[in-house]
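Comments concern the structure below.
The values are calculated or read from the model by the stated rules, or taken from the named source; none is laboratory data. Owing to the predicted nature of the structure, the values given are computational and were not obtained by experimental measurement. As a convention, Cβ positions derive from the backbone with ideal geometry for all residues, glycine included, and neighbour counts pool all protein chains shown. Surface areas here come from the heavy atoms of the whole protein model, side chains and all, with no ligands, DNA or RNA. Shrake-Rupley method; radii C 1.70, N 1.55, O 1.52, S 1.80 Å.
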Amino acid sequence: MTFPEDIFEAAAYEWLKQQDLTKRTPKEVSNALNEAIKQAKGISPATQSPWGEKQ
């Protein structure tokens, strides 16, 4: 994995590093990271967590 060049992607990777990934599948992690990037860029509303759970 390479370091992201985009500041929003970097923020999403930092968020991911703080998460407990032990009970998540690789697909769930990938989907959550993609959603976190979209939320950081303002493409997707931040009304729920990147995991798909309501906040």
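Can you report the number of residues in region 13-55 which are assigned to a helix (DSSP H, G or I) and among the acidic types (Asp, Glu)?
Our first condition is that a residue be assigned to a helix (DSSP H, G or I); within region 13-55, this holds for 13-17, 26-41.
Add one more test, that the residue is among the acidic types (Asp, Glu), and what stays is 14, 28, 35.
Adding up the residues that qualify gives 3.
Which one of the conditions (1) surrounded by 14 or more Cβ atoms within 10 Å (Cβ to Cβ); (2) modelled with pLDDT under 85 does Glu35 fail to meet, given that it meets all the rest?
(2)
Please verify whether Thr25 is modelled with pLDDT under 90 and of a type in the set (Ser, Thr, Tyr), treating the condition exactly as stated.
Details: modelled with pLDDT under 90: no; of a type in the set (Ser, Thr, Tyr): yes.
The answer is no for Thr25.
Among the residues of region 5-17, are any of a type outside the set (Ser, Thr, Tyr), open to solvent by less than 80 Å² (accessible area, probe 1.4 Å) and modelled with pLDDT under 85?
Scanning region 5-17 turns up at least one residue that is of a type outside the set (Ser, Thr, Tyr), open to solvent by less than 80 Å² (accessible area, probe 1.4 Å) and modelled with pLDDT under 85.
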